[in-house]
Amino acid sequence: MVTSIVATGLAAVASVVSLTLAGHGGGHPGPLEWGGAPLTVDSLPRVPYVAHRGGAREVPENSMSGLMAAYRRGTAQVLDFDTRVLRDGTPVVFHDASLNRTTFLGGEVRALDAKEWRGVRLRPRDRVPGSWRSERPPTVAEVLDRFGGRIVLMLEAKDPRGVDRLAALIRSRGLTRSVFVNTNDPEVARRIHDLGLLTQLWRSARQLRTDRPERWRSYVDLLDVDIRARDADLGRAVRSGIPRVWAHTIVTPAQRDRALALGCDGIITDAPGRLARHPARTPGAVSAALGR
């Protein structure tokens, strides 16, 4: 039996579990609130906030209950999670290649099959606020079925072997305009685009020093840039012609305000609740503070 996580002050989360589902195309259930179609990226605000790994400074990362809590709190318009592939090809929600850091087990994720995965339990970190119990990390299918069409999702394909399977899961649920598929590899990004999915490409501060992001604008829908990058490098990304440039991983209001001042139009954060308590300053005010 999967043990559910209970967070202090999050009794409303239980209502997510009990949602009544109605039939939707592809043979998969869709929430009643979809109406005629799922929520898509076209519904996002001008500057969306992304709960990175569910908001890893506020909830247990990449857990179903953490994603549920982030959704119910409403401080982010996009839920982000990582994906790995099991030995039998099953895509699961997990960041590391190894089980050691976030579970009670050791060894490689890819060494397990779906049956063995049911015995894995997450180990909540002490620094996460609230009282959390252990639970099984979900599969990608479970997260898509729980949240798909109700909020925009962002998933990182940590293992390129799983891209075709991820594409099949997304397409069969009618979510091709509702899920960004993320990678650090431009060639994998091109493959994701060719599969008809929304393509997200993340780049580190070091990579951005020599990147020419305009080369990717024909197949990248979202460029995900490192907030630690130089102003000039972030500015070059913003001017690349790629339609969305979002900054990661933001944890302070000052980082958020810098990203906005430099022209980024999305915030990927481990602490969406914290940022919500500190409204963004206007770009003009931030520019003045930065001496521009």
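The values are calculated or read from the model by the stated rules, or taken from the named source; none is laboratory data. Keep in mind that what you see is a predicted model, and the values were worked out from it rather than measured. Glycine also receives a Cβ, built like all others from the backbone with ideal geometry; neighbour counts cover every protein chain displayed. SASA here: full protein model, heavy atoms, side chains in, ligands and nucleic acids out. Shrake-Rupley method; radii C 1.70, N 1.55, O 1.52, S 1.80 Å.
Summed over region 66-89, the residues that are touching an Asp or Glu at 6+ places or on another chain (Cβ under 7 Å), open to solvent by 10 Å² or more (accessible area, probe 1.4 Å) and either within 19 Å of Q200 (Cβ to Cβ) or of a type in the set (S, T, N, Q) (or both) give a count of 2. Restricting region 136-147 to residues that are crowded, with 20+ Cβ neighbours inside 10 Å and touching a strand residue (DSSP E or B) at 6+ places or on another chain (Cβ under 7 Å) leaves a set whose member that is nearest to G74 (Cα to Cα) is F147. Residues in region 90-104 that are more than 17 Å from the chain's Cα centre (by Cα), surrounded by 14 or more Cβ atoms within 10 Å (Cβ to Cβ) and closer than 19 Å to W132 by Cβ: L99, T102, T103.
For (1) without any contact (Cβ under 8 Å) to a residue 12 or more places away in the chain; (2) among the polar types (S, T, N, Q); (3) not in a loop (DSSP other than H, G, I, E, B), each residue gets a yes or a no:
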site: T176; (1), (2), (3): no, yes, no
site: A189; (1), (2), (3): no, no, yes
site: R228; (1), (2), (3): no, no, no
site: R256; (1), (2), (3): no, no, yes
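Does any residue of region 36-47 turn out to be in contact with a strand residue (DSSP E or B) (Cβ under 7 Å, 6 or more places away or on another chain) and not in a loop (DSSP other than H, G, I, E, B)? Looking for residues that are in contact with a strand residue (DSSP E or B) (Cβ under 7 Å, 6 or more places away or on another chain) and not in a loop (DSSP other than H, G, I, E, B), one finds at least one in region 36-47, hence yes. The residue that is surrounded by the fewest Cβ atoms within 10 Å (Cβ to Cβ), among those in region 186-229 that are within 17 Å of the chain's Cα centre (by Cα) and of a type in the set (D, E), is D226.
What do you reckon, is V245 β-branched (V, I, T), in a loop (DSSP other than H, G, I, E, B), open to solvent by less than 40 Å² (accessible area, probe 1.4 Å) and in contact with a strand residue (DSSP E or B) (Cβ under 7 Å, 6 or more places away or on another chain)? Criteria not met by V245. Scanning region 248-272 for residues that are of a type in the set (G, A, S) and in contact with a strand residue (DSSP E or B) (Cβ under 9 Å, 6 or more places away or on another chain), we see that the one that is farthest from R217 (Cα to Cα) is A271. On the stretch given as region 258-284, residues that are more than 21 Å from A70 (Cβ to Cβ) and free of Cβ contacts under 8 Å to residues at least 24 places away in the same chain total 3. Only one entry in R171, R161, R165 is basic (K, R), within 28 Å of G119 (Cβ to Cβ), modelled with pLDDT of 95 or more and more than 15 Å from the chain's Cα centre (by Cα), namely R165. Among the residues making up region 60-98, a single one is touching a His at 6+ places or on another chain (Cβ under 7 Å) and either among the polar types (S, T, N, Q) or at pLDDT below 95 (or both): N62. Only a single item in (1) touching an Asp or Glu at 6+ places or on another chain (Cβ under 8 Å); (2) closer than 29 Å to S131 by Cα; (3) buried (at least 16 other Cβ atoms within 10 Å of the Cβ) is not met by V59, and it is number (1). Could you check region 148-165 and list, in sequence order, the residues that are of a type in the set (D, E, K, R) and buried (at least 22 other Cβ atoms within 10 Å of the Cβ)? Residues satisfying the conditions do not exist here. Scanning region 62-94 for residues that are touching a residue at least 24 places away in the same chain (Cβ under 8 Å), within 28 Å of R277 (Cα to Cα) and not in a helix (DSSP H, G or I) returns N62, S63, T75, A76, Q77, V78, L79, D80, F81, D82. Filtered by the rule that a residue be surrounded by fewer than 23 Cβ atoms within 10 Å (Cβ to Cβ), of a type in the set (A, V, I, L, M, F, W, C) and under 27 Å from D42 (Cβ atoms), region 230-241 gives a lone residue, V238.
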